[in-house]
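Throughout, read-outs are computed from the coordinates displayed, never taken from laboratory work. None of the values given here were measured: they were computed from a predicted structure. Here Cβ is always computed from backbone atoms with ideal geometry, including for glycine, and neighbour counts include all displayed protein chains.
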Amino acid sequence: MAQQEFGVPLTDAEKRFYREFQPWLQRRLGMTTSRSWAKMLEFRSINQQEAFESFFKLLNEFCEGE
């Protein structure tokens, strides 16, 4: 939101994340849903701490697949 407010353009990595992370995560978790990626992680986790930790592990995996 701050980027938009101040006119800071998205980086290529940010554009890729917004475009590809959701479908990648759905394939990775074997889920077909209209839930957001955050909701998918919360659904698959015991609590928010686990979801938070899972996000960064999965994000690293996603980025390494470039």
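Which angle from 0 to 90°, rounded to the nearest 10, does the C-alpha axis of helix 12-29 make with the longest principal axis of the chain?
Between helix and principal axis, roughly 10 degrees.
Quick check: the angle from helix 48-64's long axis to the longest principal axis of the chain, C-alpha only, nearest 10 degrees?
The two axes meet at around 60 degrees.
Just to compare against my own numbers: the Cα pair-distance distribution for the chain, 10 Å bins, whole % per bin, please.
19, 46, 29, 6
Taking only Cα atoms and a 10 Å spring cutoff, compute GNM fluctuations for the chain and point out the largest among F21, F55, F43.
Highest fluctuation of the listed residues: F43.
Kindly state, to the nearest 0.05, the FRET efficiency for R19 paired with F52, given R0 = 30 Å and r defined as their beta-carbon distance. Don't skip to the end; give the middle numbers.
Working: r = 23 Å, r/R0 = 0.76.
The computed FRET efficiency comes out at 0.85.
How far apart, in nanometres, would the label points at F43 and E64 be if each is projected 7 angstrom from Cα along the Cα-to-Cβ direction?
Result for the modelled spin labels: 2.6 nm.
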